[in-house]
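The values are calculated or read from the model by the stated rules, or taken from the named source; none is laboratory data. Since this is a predicted model, take the numbers as computed values, not measurements. Backbone-built Cβ (ideal geometry, glycine too); neighbour counts: all protein chains shown.
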Amino acid sequence: MVRSDPVSSALDFDLRIDHDRFLSTRDRQLHAILTATARAREGGGPAQADGSRYAEVLVVDCSGSMAQPPTKLGAARRATAAAVGMLPDGVRFAVVEGTHEARMVYPRHRGLATASPATREEARRELGRLAAAGGTAIGTWLALARELLAEHPAAIRHTLLLTDGRNEHETPQRLAEVLADCAGQFVCDARGVGDAWQPRELMRVAEALHGTAAAVRRPQELEADFRATMRATMAKRVARARLRIAVVPPARVLSCRQVHPTVMDLPVAPVDDRLVECATGSWGAESREYHLCLEVDGTGRPTGEDLRVARIDLLVDDAPAARPVNALAHWTEDLALSSRIDPRVAHYTGQEELSRLIADGCDAYDTGDRVTAARLLGRAVELATAAGDAFHLEQLRLLVEDVGAGSVRLRDDLPRLDVISVALRSSFTVRDPAPQVAPPPAPAADSQPRVCPCGHRSPPGARFCERCRHEFTDPAEIGPVPA
C-alpha cells in the first residue's frame with residue numbers, strides 16, 4: 001500500500017470481519033464485528049513523532065465551584081502545567097479558561113503557540129493566575145477549541161477538557177450544535193473531578209469527539225491522569241482514519257458502533273447511493289472493534305451460496321490502509337445454520353446491553369428511582385456473571401450487594417461519586433469472551449491504592465485499572481497512599 005503521510009507510514013493496519021453469514025430468507029438484518037488493528041511498523045520511525053504534527057488545546061474549568069475545596073483549582077493548575085511540560089518541542093498548543101465564557105490563558109491572542117522551553121515556562125506562569133469565578137458552558141469552550149485547531153487541519157488534533165460541574169449556562173441544544181460542528185475535527189478526552197458533574201454530558205462529549213470520559217476521584221489524582229492522557233495523545237501516529245462501506249443493493253447500512261475499547265455510536269455519512277463512511281478519529285498502535293448492522297433482503301436471491309452484500313475498507317489519507325473485507329450473506333432454509341450466532345457478534349451484543357443497563361441503572365439511582373436502579377443493575381449483574389465479565393462485576397460491586405446470589409440489593413448511602421464514576425466506566429467493554437468467574441471479593445478497607453503502568457491510581461482492592469482496564473497481578477502495583 002502507498003501512503004503519502006510520513007506519520008501514517010509508522011503504522012500498518014489490518015481489518016478483519018466476523019459475522020452471521022448464514023441467514024434465513026426471512027431475516028432482514030446482518031450483524032458483523034469489524035476488528036481494526038494498527039501496529040507500529042518495524043523501522044517505521046522514532047518512538048517520538050515530530051512534534052509539529054500535533055495540535056493540543058487544554059481546557060480548564062474555572063467556574064466558581066472550582067474554589068471548593070480550595071485545593072481543587074490548585075490541583076488543576078498543577079495538572080495542566082504537567083501536561084504542558086510533556087508537550088514535545090514543535091507541538092502547537094493553547095490553554096483555555098472555561099467559565100460561562102471561554103478565555104485564552106496562553107497564548108493571550110486567539111491562536112496556538114509552538115512548544116519550546118520558553119513557551120512551556122510562559123504557559124506555566126500564566127496558569128498560576130487562574131481564579132475560580134463564573135459558570136459552566138462546555139459548548140462555548142469546545143467552540144473556541146475548534147476555532148484554534150482549525151488552523152492546523154493536517155495535524156493530530158486533540159483537546160483535554162476538565163470540568164467539575166454541570167453544563168448549566170447554555171442549553172442542551174447549544175451543546176449539541178457545537179458537538180456536531182466539532183465532530184471529525186479533533187478528538188476530545190473529558191474529565192470530571194469532584195462529584196457535581198453530570199456523567200451523561202461527559203459521555204456525550206467523548207462519544208461525539210471519539211475520546212474518553214473518566215472520573216478523577218480526588219483533585220490530587222489529576223496530575224497523574226493528565227500525564228497519562230498526554231502520553232496516549234503523543235503516541236498517536238495517524239490523524240484520522242475512516243471506514244468506507246460499499247453496499248450491494250438492496251442492502252443498506254443501518255448502524256455502525258464502536259464496541260471496543262468503549263461503546264460509542266459512529267455517525268454514518270453517505271457518500272453516494274452505495275457508499276457510506278464512518279470517521280474513527282486518530283490512531284496509535286491499538287485495536288478497535290465495531291458492530292456493523294446491515295439491512296438485507298433475500299427475496300429472489302439464490303440460496304446455498306455466498307453472496308457479497310458489502311465491502312468494507314479502512315482509509316487513511318483517502319487511500320486504503322488495509323486489505324478490504326467482505327460481508328457475505330448465505331441464504332438458506334436450514335434452520336440449523338441460520339439459527340447460529342457468531343460468537344463475537346453474540347459477545348458484543350451482550351456487552352452493548354450490559355453497558356446500557358449499567359448507565360441507565362446509574363441514571364435511575366442518581367434521580368432517586370431506587371426500584372428501577374435495583375432492577376437494571378440486578379440484570380447487569382446476571383449478564384456480567386454469565387459472561388465471566390470480572391471488570392464490570394468489579395464496578396457493580398461498588399453499587400450493589402449480594403453480587404452473584406441471584407438477586408441484588410443497592411448499597412445504603414452510596415456516595416454520588418461512586419455512582420457517576422461507574423456510569424462513565426459503563427462504556428468500557430471486555431474484548432473477548434471469557435470463562436465464567438466468581439464475583440470478586442469486596443476490597444479491604446485498609447488496603448492501598450493500585451498504581452497502573454499508565455499512571456492512574458485506582459481504589460484499594462481494585463482488580464482492574466479504572467482508566468485502561470489493565471488487570472493488577474503484580475504486587476509492585478500496590479502503591480503508597482497519596483498524601
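Structure notes:
- Selection status of LEU314, touching a residue at least 60 places away in the same chain (Cβ under 8 Å) and under 23 Å from the mean Cα position of the chain (by Cα): yes
- Residue identified as touching a helix residue (DSSP H, G or I) at 6+ places or on another chain (Cβ under 7 Å) and of a type outside the set (S, T, N, Q) among ASP297, ASP360, ASP369: ASP360
- Residues in the range 224-253 that are of a type in the set (Lys, Arg) and out of contact with any Phe, Trp or Tyr (no Cβ under 7 Å at 6 or more places or on another chain) were compared, and the one that is surrounded by the fewest Cβ atoms within 10 Å (Cβ to Cβ) is ARG231.
- For the residues ALA329, ALA336, ALA322, the requirement of being assigned to a helix (DSSP H, G or I) and of a type outside the set (D, E, K, R) singles out ALA336.
- Test for THR119: is it outside the structural domain of THR299 (by TED's automatic domain parsing) and either touching an Asp or Glu at 6+ places or on another chain (Cβ under 9 Å) or within 30 Å of ARG244 (Cβ to Cβ) (or both): no
- Scanning the range 95-115 for residues that are closer than 18 Å to GLU151 by Cβ and within 26 Å of the chain's Cα centre (by Cα) returns VAL95, VAL96, ALA102, LEU112.
- Scanning the range 60-80 for any residue that is in contact with a strand residue (DSSP E or B) (Cβ under 8 Å, 6 or more places away or on another chain) and in a strand (DSSP E or B) turns up at least one such residue.
Residue-by-condition table, conditions (1) at negative phi; (2) without any contact (Cβ under 8 Å) to a residue 24 or more places away in the chain; (3) among the aliphatic types (A, V, I, L, M):
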site	(1), (2), (3)
GLU201	yes, no, no
VAL205	yes, no, yes
ALA214	yes, no, yes
ALA228	yes, no, yes
ALA232	yes, no, yes
LEU266	yes, no, yes
ALA269	yes, yes, yes
SER282	yes, no, no
ASP297	yes, no, no
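- Test: residue in the range 240-257 that is under 30 Å from ASP164 (Cα atoms), at pLDDT 95 or above and touching a helix residue (DSSP H, G or I) at 6+ places or on another chain (Cβ under 9 Å): yes
- Search result, residues across the range 181-195 that are farther than 18 Å from LEU148 by Cβ and surrounded by fewer than 17 Cβ atoms within 10 Å (Cβ to Cβ): ASP195
- In the range 28-64, the qualifying residues are those that are in contact with a Gly (Cβ under 7 Å, 6 or more places away or on another chain) and modelled with pLDDT under 95, and the one that is surrounded by the most Cβ atoms within 10 Å (Cβ to Cβ) is GLY51.
- Only one of the listed residues (THR372, THR385) is more than 21 Å from ALA213 (Cβ to Cβ), out of contact with any His (no Cβ under 9 Å at 6 or more places or on another chain), assigned to a helix (DSSP H, G or I) and modelled with pLDDT of 95 or more. That residue is THR372.
- In the range 100-149, residue farthest from LEU209 (Cα to Cα) [restricted to those that are part of a loop (DSSP other than H, G, I, E, B) and of a type in the set (Lys, Arg)]: ARG129
- Whichever residue in the range 268-296 is β-branched (Val, Ile, Thr) and closer than 12 Å to ARG242 by Cα and, among such residues, is surrounded by the fewest Cβ atoms within 10 Å (Cβ to Cβ): VAL268
- Sole residue being over 15 Å from ILE358 (Cβ atoms), modelled with pLDDT of 85 or more and in a loop (DSSP other than H, G, I, E, B), chosen from ASP446, ASP432, ASP412: ASP412
- Every test in (1) outside any loop (DSSP other than H, G, I, E, B); (2) over 30 Å from GLU177 (Cα atoms) is passed by VAL96 save one, and that test is (2).
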